[in-house]
Structures are given as C-alpha cells and as structure tokens.
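Peer 1: Once you've had a glance at the structure underneath, I'll fire off some questions.
Please treat every number below as a calculation from the coordinates, not as lab data. For clarity, every value in this text was computed on a predicted model and none was experimentally measured. When we count neighbours, we look across all protein chains shown, and the Cβ atoms used for this are built from the backbone with ideal geometry, even at glycine.
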Amino acid sequence: FLEFWFNYRHVANTLSVYRSVKRLGIPDSHIVLMLADDMACNYRNPKPATVFSHKNMELNVYGDDVEVDYRGYEVTVENFLRVLTGRLPPSTPRSKRLLSDDRSNILIYLTGHGGNGFLKFQDSEEISNMELADAFEQMWQKRRYNELLFIIDTCQGASMYERFYSPNLMALASSQVGEDSLSHQPDLAIGVHLMDKYTFYLLEFLEEVHPASQANMNDLFKVCPQSQCVSTPGHRTDLFQRNPGSVLITDFFGSVRKVEITKDTINLTSSLKPLIQRSGSGDMQIESLTYVDQLPVAEIIHQKPKQKDWHPPDGFILGLWTLILLVFFQTYGIKHLKHIF
Amino acid sequence: MAAHRCGLSLVCILIFSSLAHPSSCDTLEKANDNTAEKRSISEVNTDGSVAGEALNERQWQSTDAEVDRSDSTTHSEALTPAAARDEFQEELVIRPLHSGDIYASFQFRTLWDTDFLQEGQKVSHYRLFPKSLGQVLSKFSVRELHISFTQGFWRTMQWGQPFIPSPPGAELWVWFHDTVSDVDGNWKELTNVLSGIFCASLNFIDLTNTVQPSASFKPLGLGNATDHRFLRYATLPREIVCTENLTPWKKLLPCGSKAGLAVLMKSEKLFHSSFHSQAVHIRPICQDEQCSSKAWELRQTLNVVFDLHTSGQGKKEWSLFKMFSRTLTEACPLASSSKVYVDITDNPEGELFELSPATPLLGQAVVLGDRRTYSVYDLSRAETFGQLRSFNLLLRWKGDSGDMLRPLLHAERYVAGFGLQTGEIHTVIYNNHPYRAFPVLLMDSVPWYLQLYIHTLTVTSKSRDNKPSYIHYQPAKDRHRPHLLEMLIQLPPHSMTEVTVQFERALLKWTEYTPDPNHGFYVGSSVVSALVPSMVAMRTNFTQDQPLFSSFVPVKEESSYFVRVYTEPLLVNLPTPDFSMPYNVICLTCTVVAVGYGSFYNLLTRTFQVDEPSPPLSKRLANLIRRMRGVPLLT
C-alpha cells in the first residue's frame, strides 16, 4: 500500500474514467471499480479523501459518493478474471459481480504498469494477453456481453489486444508495442505525476460528450495523436461487426434510462393489518427483560471450562498404540491372547 | 415514584429558565432553585404556570419521547397504516479537549418496534430503518451486530475516554440467535454481505482471524442467555477507511446526507483529522421503562477528533464551519429530536472559552463516571438558526486550560526483542485510581504465525506476581485458528500491570505472503474491558429521553461504569523469503542441466567424420562432363 505512492496517477486515471461514466448516466450498481492502492486516504496525501487529476488541484475525481468494489489486496488477477467470467463464490454480494447478459455493452478500462503482452497487478503478479483473450472468449460463449470496448493505458498497451479472437470486441491502447506511455503533469504539492497523457486527453474529450451526443468511435480513435501523446495510440476494430463510425460513444460510456410518464393514478392497497400488538393486549407475558451484566466478575471466575467436543484419537496416537500392541504380541506370542480376553 | 426520584441523585436534569435570564451562567443557580420544586413528570406537564411558554420548558425526564411518540404515531398512521413504528433521533456532541483539539461525536438512532425473528411474520415494510440491514438481520438470525471502521488511534492520555471506543481498522462482532445451527456458515456469509454493503474488504474475515471470546463482549442489548458459542469476533487492523466506506454509511440514514446533522459529513474534512471512526450498532433494547417488550435499535455513530494544527491552523478557535466546512440549516424532518451538545464543564464561568451563539438551554449528564454540563442547541426550534437561517457554533479560547484529569484506565502494548526469530509481547495496563482496585478482563487474539509460548506468560503488578483469577486460553491451529487468551486480572490501585508472553515467528508458505510482505503483519488490538469506579453515581434505569451518548452502555450498578479500552495494534515483521528465488532457481537449474547433460550427451553420441572440402567450380564442371562420358571422376 504505502510503498507505491508514485502509482497515484493510475488511481487518478481510473477515477477520471469512473467519473465520466457516472456523469453520463451509468449508476454505481452497474460499475465494478477496482483500485489496488489507496491514494485518497493514504498518509502521504496532503489533502486526504481527494485524488486530483489536474495540477493546482482543480478537479477532485474522488468525489463524495465514490463506491469502490474491490480495493487493496482484493485486486488480483484471479478476482479480475472471476468478475469477468462470473465464476464467483455464491456468497459474493451483488455490487462485486458483473451482472451482464447478452444485451449488455461492457466497457473495460485497465491502467497500470505493463509490458509486451502483460499487465502488472500489485507488483507481484501479471495478467497476460492470452489470459485476457481467453476470458473474453468465455464471456462470449456464456453470452455475457453484446459488445465490448476495451481501453488500456499502459506501456506497450497494444500488445494486450493482439490476441483477441472473440467477436464484437473493439480495443484501444495508449501506445504501440515497443513504445512507453508517458505521464502528464506533476503536481509539486502532492509530489507525483497526476495523470497519464492518454487518459488526460481522453478525459478532456469525454468532458465534451453529453448523454445525447452523437460522437462516434472514429472521434475516439483520434484522441491524443502522437503530437500530444508522444506515443502512438492504437486501436483494433476487425473483430467488431458494426462500422466504428456508426457506433456512438454513449453506447459504452453512458446510459440513458427510458422513462415513461403516465398520468394514470394507481390506488395503493388499503391499510395493512398491524403486525405487532401494542402493549395492552392481554396475552403479552410480562416477563421482565433485562440487560446482561457487562463484566460479571463472579460468574466469570466460577465459569466451568467449555466441554470440548470429543474427537477420535489422532492418527499418530493410533499408530503408536498399534505398534505397542504388535510388539507385545510378537514378544509374548499370540497364544497369550486368550488369557487376556 | 416521586420518592424514588428524590432518593436517586438526579443525574439527568435539564435546567431550564425562562427567557428573562439571557446569560447562561446565571441559569445554573436559578436551576438549582427550580429543581427543588420539580419532582415528577406529570407535575411539569400539567403545571403550566411553572415556566413561561410550553415550548421553552423541556425537562429531559419529561415526556418528550411520549409526545413525539404520539406525534409519530398519528403521523405514521396517516402515512403508513402498519403499526410498526419507528423513531429517529440525532445528536452531535462537541467536546473541546485540553490540547486544543476538538472531539465531535455524531449519534443517529433509529428505534423500531418490531421483531424480525417472530415466527410467521415477515417484515416487509420499512420506513426509517434501512432495508438492507433489516434483511441482513432476518436472514442470518442476528441478535446483535457491532461493526466499526476506524482510521487512527485513540490517544487516551491526551483525549480522555471516547463515548464509543473502537480499535484501528475494522472490527466486527456479532451475537447470533440461539436458533442458528451453523454459526460459522452464517458468519462467513454475513461478512461477505457486509463487505458489499460497506464497500470494505470484510471478506478477508475467515476462520484464521475469528475468535469466540468466552467472557468478553457480553451482549449490549437485551437478553438473558449468553452462550458464547453464538458469539463471533474478528478485527482487520489493516483495513483502510475512506470515502467509499462513508458513502454507504450515510445512505443508511433516513435523511441521507441531505438534511439534519448529516450535512456536516463532508469527507474532505472528516478524513483530514487525527481520528475518525464510524460504526453501526444494532441491538434489541427495552422499548419503555417497564421493559415489557423489545424494540430494535440501530445506532450509527461517527467520532472524529480534529487536530489543532493540521485543520485548525494553530489558532485556538473552532467553529462548525471550520471543522466541517458547512453550517447547519435545518433539522432532519424525520427526526423526533435533533440536538447539538457542547461540553462546558471546564468552562463554568466562561473564562476558558467563549461559546456563541448563546443558548439558554443547559443540560447535565453522567457519562463515563463523571457529571458533565452541556450547552444544548435544539435544532427543531427555528430560533436556533437565527436570522441568517444557518447555525454555526463558535468556540473561541480565551485562556489556557490546566492539566487534564488523568483517565483511570489506560493500556499500551508493544513488541520487545530483536531479530526475526523470537520476540515478546508486552501489554501494560495502568490503574490511575488513587485508592480503588478493580478487575479488568484482557482479551488477546494473536494470529497463528506468532507462536505464543504460554509457559512464559507473566503478569506482574508493582513488581510482584499477580495471578489472574480466570484464564481462558485456546491455542492456535496453524492456518485454522488464531490464539485466544482471556484473563481476569485484579489491578491494584495506582499501579502499572505488565503482561508479557514470548513468541516465535513462523515461516509462511510463499504463496501466503501479501504482495508487500516487508511492510509487516498486523496483530489486532487487545481489548481491555473493565468496571471502573465512578466518581458520581451512575443511573441504572434507561429512559428514552436520555441523551444518546449517555445511554449506550447498560448500567447495572451505580458505583461503577463499564469501559472498554483498545491497545495499539502491533506491526510485526516475519522472516520473508527472497521472492526472486524461484526464478533464479529455474534459471540456474536449466543452465546446469543444459550444460551438464548436453555435454554428456554430445560426448556419448557425437561422431567425427572427415569432411572433404567442396571442389572448386572448374573441377565440378569437369566431373560433370566425366560422369556423362562415363569416365572415373577426379578427386
């Protein structure tokens, strides 16, 4: 946690996209947010509970109503793949699941440190492009998505989408194989770089998109050309069935809820029967309920030790006794058995 | 009843005065005269000539609750015909501390007359009580639930005792109903559900950090059976608290963060503090004074200590705006009572600090064994907000405060020793009472990878051996169960008691290490539960109109009060392997195998053949012609 303060920009990247997506209409119940490091309440943050994306602390992307579903040690490759494929333990709460079906459009945004064919998780494990491609194929076969947009902002990001083979996938990356993605601006008060270049310009582009906007994917591909980003962003659309020019940005980044206005009145059902009878009913026993003594010293001192459940003897004890018996009968002979029993 | 009240020293008295006495200092004297006359509730209510207007006279023992209950009854009958009635109260207590810091404690209480566990009656109608928690309670047959998230450590020696203590990180303890057959299964599912509700990593709570205390953590609610098989306790000392935990917590309140005291909860200010703790406590309590039926109580508490220098910029002046960057504009419309209390016990004549706006309402309460005086601001009255329609409390320091009264009970814990092999845990408990001894129950839960040697356990007070009157020890099972040590120790007066136990550090399997193992591994706080002698007589019966901060812990006897003190969590380094070794080993082995086996194989199977150099082009052409002619070839 505390060691990787310089990864502030990854958290800022993710939170900027989260914020744009929320602004364009997607509710928290439809977002799974995974943050591997805690930057906002980190002791090194001079302004706690804030994560800034612009220097001079102009924009706090952490906000006041953020809901992080996976944080800290929970952000592992295994959990990420489980969320994608839906194979989570039955007791996982709904907010930690990707409850998508075959009509859902999914947007996946990954950022961090990466290389040719892998992305680092928590500085101790990696996810490879093959694993990711297989996970998407599993999702396709289980009909867990209709169309999927994959954006990645790491060094050599284009290598991560090279191996995709499932249909209806579109991918964008911040840099080609062999190139590094660069960070944008440092803030002297916080002491680290606040955002990566690609996500910074992506955020600028998204700030102009509103829920009814007609901007399409071709505009998204033009975000951050080499003059601004130094690295060459790449994209992949061969697996996508529709023409990217006809795909609206808001198909993935926003959602418009269909609202139906009605002028009919609906009568609510009449009064429900009271559930609990108030005091005054005759059959209520007046058993005096009392509070328990918080530290009953006398009772504790005389507490009998708990009866432990009886367990059959361990294998070692059994083996030992068997050995003893064997040795005994070996020395004294089996004919003594009838004298014993 | 009247005589009974006379006999009890009145511990909760609201001293009121008519509007003719503006300054709050005079009201104390006048109030003393007044209380001599006031005896019973009914007298106050029916005697209209006692005080000026009906609005002004509010005695805490008066029928505030009853009046509000009848209001909420009619209100609820109009809106919701169901008889399940709930009531919501909110309060904020501000206590200036001696070091110049300020301690603010929010408490929100929702009382609900219903029984989740009643057979055949499914609760489906929720008004003020949040549905998510109601469903959790009924699904897992929970009798009591206490969960807290804390950032920072409570410094008892500088700040005194908190109203509701909590250890750093996350703490969860639950009493299940005795109808539950599989407590462990319910516990596991409950932690997962709560981790989704509060956006916290509570799913890391499993059998390796859950304990079943045998004498600590008795239920704080109603009940008679206390079989500790139905209790589970776990802490996650490493859990971080941030805005994502505050957001769902605020959503559980009836007014959310839109109205009432909750508008003050802005995360940017709340987390920029020395101590921040938010908690949810659910328990069954007495519905009325006769205690004939149960009601469910949900208390949400938020304790925060603002530091003078980081948020106060060093100037000894505090205001609501400075603390929370907001002011109050209205009370929560769903609340039956909404009050702000400011602790002015150390400021009887106003020589220490100046409080504005002035308020005629004063109150007294016995809390934590001491009688404290409070200035009360009632937010349900429009006058509190003044002409600007906004209420901003201002405390300006005038003089220097003297020394703080030493807290009677205080505990510390540290690890001694050197190296990565062995160590010693020292727990030091101080009893600062000059002449009274009292018992404390110390509960320690140590993870299995610190292997305790209980034969080295020593308890010494005043450099003499002090044998505990009760010891419960459950040894750890590797990767299954942590150590649990509970001891009842009698602390001599004015003494320091030291408990030491040696341990050895285990080597974990390399997959069990966290991604940052060199940070260390946390050991949860020890819990010291004690009945501390009280300076003034405590009140043993609960009434509904007591202020919330004084009615949290049930009091059984007058001469002592129950307190729980948490020690620091420990950070212990375990011997960590070199994680690059698997890679190194593979490289080395492959190299050795390749070089060794490869050379050996070559030696055995390689044959040498004489290779003739290829003839030059002219010779090759000549050979070609010779072959066609059928003549022997050139060499």
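Peer 1: Computed FRET efficiency, Cβ-Cβ of B:E317 and B:A537, R0 41 Å: what is it to the nearest 0.05?
Peer 2: About 0.65, to the nearest 0.05.
Peer 1: For a label point 7 angstrom out from the Cα of B:Y513 toward its Cβ, which stretches of the range B:565-582 have the backbone nitrogen within less than 16 Å?
Peer 2: Under 16 Å, as judged by backbone N against the label point of B:Y513, lie B:572-582 of the range B:565-582.
Peer 1: Give me the net charge for the shell around B:L452: Cβ to Cβ below 12 angstrom, other residues only, Lys and Arg +1, Asp and Glu -1.
Peer 2: -2
Peer 1: Counting only other chains, and only Cβ atoms inside 10 Å, what mean value do you get across the residues of B:263-276?
Peer 2: Partner-chain Cβ atoms within 10 Å, mean over residues of B:263-276: 3.
Peer 1: Let me ask you something else. Counting only other residues whose beta carbon sits under 11 Å from that of B:G100, what net charge do I get with K and R as +1, D and E as -1?
Peer 2: -2
Peer 1: Please give, to one decimal in nm, the separation of the simple spin-label points placed at B:F418 and A:R143, each 7 Å out from Cα toward the Cβ.
Peer 2: Modelled inter-label distance: 6.9 nm.
Peer 1: Number of Lys pairs in the range B:97-242 with C-alpha atoms less than 20 angstrom apart, excluding same-chain neighbours closer than eight positions?
Peer 2: 4
Peer 1: Are there cysteines in chain A with no second cysteine's Cβ under 4.7 Å away, and if so, which?
Peer 2: A:C155
Peer 1: A follow-up question, please. Once both labels are modelled 7 Å past Cα along the beta-carbon direction, what's the B:R381-A:D65 spacing in nm?
Peer 2: The modelled label-to-label distance comes out at 3.5 nm.
Peer 1: Right, here's the next one. Can you give the FRET efficiency for A:Y73 and A:T262, using 1/(1 + (r/R0)^6), R0 = 45 Å, r = Cβ-Cβ distance, to the nearest 0.05?
Peer 2: With a Förster radius of 45 Å, E is 0.40.
Peer 1: Given an 8 Å cut-off on Cα distances and at least 6 residues of separation, report the relative contact order of the range B:338-420 as a percent.
Peer 2: Relative contact order here is 34 percent.
Peer 1: Please give me the summed charge of the neighbours of A:Y161: other residues whose Cβ is under 12 Å from its Cβ, Lys and Arg +1, Asp and Glu -1.
Peer 2: Spelling it out: positives minus negatives among the neighbours equals 0.
Peer 1: So if I take the centroid of the Cα atoms in the range A:158-203 and the same for the range A:29-96, what is the distance between those two points in Å?
Peer 2: Comparing the Cα centres of the range A:158-203 and the range A:29-96, I get a distance of 18 Å.
Peer 1: Follow-up. Output the relative contact order of the range B:428-576, whole-number percent, from Cα pairs under 8 angstrom with separation of 6+ residues.
Peer 2: 29 percent
Peer 1: Step by step: find N for the range B:497-635, compute 2.2 N^0.38 Å, then divide the Cα radius of gyration by it. What's the final number?
Peer 2: Taking N as the residue count of the range B:497-635, the ratio is 3.02.
Peer 1: Compute the normalised compactness of the protein assembly as shown: alpha-carbon radius of gyration over 2.2 N^0.38 Å, N being the residue count.
Peer 2: 1.17
Peer 1: Answer rounded, prolate or oblate for the range A:160-238, using the Cα gyration tensor with square roots of eigenvalues a ≥ b ≥ c: rounded when a/c is under 1.5, else prolate when a/b is larger than b/c, else oblate.
Peer 2: Cα axes put the range A:160-238 in the oblate bin.
Peer 1: Based on the Cβ-Cβ distance of A:L248 and B:Y583, what FRET efficiency does E = 1/(1 + (r/R0)^6) give at R0 = 60 Å, to the nearest 0.05?
Peer 2: E(calc), rounded to 0.05, equals 0.80.
Peer 1: With each run of n ≥ 4 DSSP H residues scored as -39500 (n - 2.57), what mean residue ellipticity at 222 nm is computed for the protein assembly as shown after dividing by its residue count and rounding to the nearest 500 deg cm²/dmol?
Peer 2: Per the formula, -6500 deg cm²/dmol.
Peer 1: In nm, give the distance between the simple-model label positions of B:R326 and B:S469, each being 7 Å from the Cα along the Cα-to-Cβ direction.
Peer 2: 4.9 nm
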